[in-house]
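See structure below.
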Amino acid sequence: MIEVKDLVRQFKSGDRTIKPVNGVSFELEKGTLASIVGKSGSGKSTLLSLLGALDKPTSGDVVVDGVSLAGLPAGKLTEYRRRDIGFVFQQFNLIPNLSAVDNVMLPMEFAGMRKAARLERARSLLEQVQLDPEKQSRRINKLSGGEQQRVAIARALANEPKLILADEPTGNLDEQTGEHIIELLSSLSRDHNTTILVVTHDRSLAQKTERRFRLQQGKLSEETVRPRVAARA
Amino acid sequence: MSVLARSVGNAFRNKIRTAAVVAVLAVAIGLALAMLVANQAVGGKVQELNASVGTVLTVNPAGAQGFDGGGEPLTTAQTATAAAVPNVVSVVGTKALRLETATAASTSTTGTATQQAGPGGGPGGGTSVTTNLQAAIDAGTLGNRNNTSGSTSGSTGSGSTGTGSTGSENTGTAPTFSLPITATGIGAEVDTAGKALNITSGTGLGDYTVASTKALVGTTLATKNNLKAGSTFTIADKTFTVAGIFDAGTTFGNNAVYTTLAEAQALAATPGELSSMVVTVNSMENVDAAKTALQTALGSSKADVTQGQRNLETAVSSLDSVKNISLVAFIAALGTAGLIILLIMVMLVRERRREIGVLKAIGARNRTIGLQFVLEALVLVALGSVVGAAIASFASDGIASALISSNSSTAATTQRGPGGAGFGGPGGNPFGGASQLLTSVTASASPGVIAAGVAAVFGVAVVGALVPALLTARIRPIEVLRGE
Ligand SMILES: Nc1ncnc2c1ncn2[C@@H]1O[C@H](COP(=O)(O)OP(=O)(O)O)[C@@H](O)[C@H]1O
Ligand SMILES: [Mg+2]
């Protein structure tokens, strides 16, 4: 379970301070697929990087399964990202000169998994994200955007994280491909019982998630909560 | 895919750039290795020279050396005077003879030729006697040129220039010049430079102070005349037995015969006379003091004391400067290689900032990323080293001799032996001069030296790569990812 407690992040630009995240609190049960919508520059990415320990809050805390990030040293935060978090970015951010399988294997290598086990798991994950088997050994820059994002999702799943943070994962994809990606995330959250938080400015995609948040003036508000069953219908 | 595999892959990401980097590295590494090889070769030679020519002084009659010059001869009695000088360990007298091959000698005069004005020789100290030995050195261009005056006088009026000439006085063959053989009477088993004789077969002469018909023959001279230990030959119609064969290490030095001192004095009919004395001093530091003392003891009007290795000293000091230059060049080239690596890696880190940020975001430790970059640098250095070692093994000989010749040209003006003696006259120093020594330095690229050099290159490369690798630790993923 993820608990976010009164999170604040402020930036100083010149003599002006802005607070894109200004007192955000919420909880996510394990296995929830949630979305955050908001205008560009409203602080969605800032919030995600606080949850993923890429950035430190000015105040407040994130508690994951009872462990508070606020008290962790840098090395532990790296370990937290490696073991508990999976990132999916708008720009995919895969390593261009590596193959799809090699990209998926990277987080497992960092976690010290043995090579044979890494390869087997990477292949099975790429199967789950429905990448054509013959494309698994292809270099990343020989794959389409949709395919690259599937590989990125497989990489995010590599170490069975507690939370997947996806920052506008469909932003660089056409509508139909984007829909497939959201469907994929939805089914993965169910199959792996993984908590997934998706940032998007596409309302129709947000409709497909169980919990929907809106970030506005640094504050998070939740729209109607739909029952889980309805979300899968 | 391991860190290493990833590093190798990254090293080849931009093949053209990799090739360029490897080429530049190879030049720097090749230069470093060549300099190291040259340094080692020269260092080895310096050591060898220092060991071989430590503490020997040569005493010649004042105004004479070898067969040239004038003045009063040294005497056996003077050896006692020399031996009494402080720090002198031993004094060995020598008596030089010039052996003329009997047939060659008979073309000008019959019987035993004494006091013949030898080829290239002046009046004075030398004594020529006949032998049945053939010189092992062909006169060649140098010999004939050096001896034009001598052989002209021998062939004047022979009339053999015309075809069909049947000169009765002549043997019918043109009096081709043959080089003399050096015979030296020695008071101990050392050569004229004071170095112990290297007897390769047979034995020494036993007691070197008494007359005996035993002789030591140089290797090439023995081969030329089919001599073995136990064979006989004649000097001045006297039969000598070969006691042993020695190897002086030089062609000139091996065209020589050694007899006991007393025997040589008897052959020359000059008992008690010496051509030179070889004086050994107890240590290098005392050589200069002993030289002065010896000169005073013997009297400067009677004897010239020279330091046998004076020209070697020049050689050693010029070799030493070559050694220093090559060491500095090695370090500079090594530093250049390190700097190239540093700059390339800084460039690569900047170029891949985003990728580094992504790797950190997905949980890579700083040290994993640092290691990846160091390994990538080492891959480049390994390639550079392979090419560089190839360059070095081809270039080091040329570089070493280029270094040496540029250095010895300054040394050459000062390397002349004392007393104005030229390069190795008969009975003189078998080391003709510094230049001869210098060219004998062969800088062969030994695997050990190359390996040590490559190890040094890798050490420097690790240092050069460590700085940019540490830079990666300062990259914060949030900063590079926010660019999207
Ligand atoms: N490191 C930073 N320094 C200064 N301002 C920042 C920094 N990061 C984000 N901001 C500002 O915070 C606001 C929120 O940015 P962001 O979280 O990227 O918005 P969103 O992802 O919702 O479009 C923006 O106005 C942005 O300029
Ligand atoms: Mg954003």
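The values are calculated or read from the model by the stated rules, or taken from the named source; none is laboratory data. A quick note: this is a predicted structure, and the numbers were derived from the prediction, not measured. Using ideal geometry, Cβ is built from the backbone for each residue, glycine included, and neighbour counts are taken over all protein chains shown. The accessibility values were calculated without ligands, DNA or RNA, using every heavy atom of the protein model including side chains. Shrake-Rupley method; radii C 1.70, N 1.55, O 1.52, S 1.80 Å.
Some points to look at:
- Filtered by the rule that a residue be within 16 Å of ligand 2 (Cβ to nearest atom) and assigned to a loop (DSSP other than H, G, I, E, B), the stretch A:182-202 gives A:THR200, A:HIS201, A:ASP202.
- Residues located in the stretch A:191-225, provided they are open to solvent by 20 Å² or more (accessible area, probe 1.4 Å), at pLDDT below 90 and touching a Lys or Arg at 6+ places or on another chain (Cβ under 8 Å): A:HIS201, A:GLU223, A:THR224, A:VAL225
- Some residue of the stretch A:31-47 being modelled with pLDDT under 95, away from ligand 2 (no atom under 15 Å from the Cβ) and closer than 20 Å to B:GLY483 by Cβ: no
- Selection from the stretch A:133-159 of residues that are surrounded by fewer than 13 Cβ atoms within 10 Å (Cβ to Cβ), away from chain B (no Cβ under 13 Å) and assigned to a loop (DSSP other than H, G, I, E, B): A:SER144
- Residue within the stretch A:84-94 that is under 25 Å from A:GLY146 (Cβ atoms), in contact with a Leu (Cβ under 6 Å, 6 or more places away or on another chain) and in the same structural domain as A:ARG190 (by TED's automatic domain parsing) present: no
- Boolean, A:THR46 is more than 15 Å from the chain's Cα centre (by Cα) and either polar (S, T, N, Q) or open to solvent by 20 Å² or more (accessible area, probe 1.4 Å) (or both): no
- Options B:LEU227, B:LEU221, B:LEU197; residue that is modelled with pLDDT of 90 or more and open to solvent by 10 Å² or more (accessible area, probe 1.4 Å): B:LEU227
- Being within 14 Å of another protein chain (Cβ to nearest Cβ), at pLDDT 90 or above and within 16 Å of ligand 1 (Cβ to nearest atom) is a property that A:PRO169 has.
- Whether a residue is open to solvent by 30 Å² or more (accessible area, probe 1.4 Å) and within 13 Å of chain B (Cβ to nearest Cβ) was assessed, and A:GLY75 passes this test.
- Under the condition of being surrounded by 17 or more Cβ atoms within 10 Å (Cβ to Cβ) and in contact (Cβ under 8 Å) with a residue 40 or more places away in the chain, the residues counted in the stretch A:98-112 number 9.
- Looking only at the stretch B:349-364, and only at residues there that are of a type in the set (Lys, Arg) and more than 8 Å from chain A (Cβ to nearest Cβ), the one that is farthest from A:ALA53 (Cα to Cα): B:ARG350
- Tabulated pairs, the stretch B:467-480, first at the interface with another protein chain (Cβ under 10 Å from one of its Cβ atoms), second away from ligand 1 (no atom under 16 Å from the Cβ) and open to solvent by less than 40 Å² (accessible area, probe 1.4 Å), C-beta under 6 angstrom, 6+ apart or interchain: B:PRO477/B:LYS360
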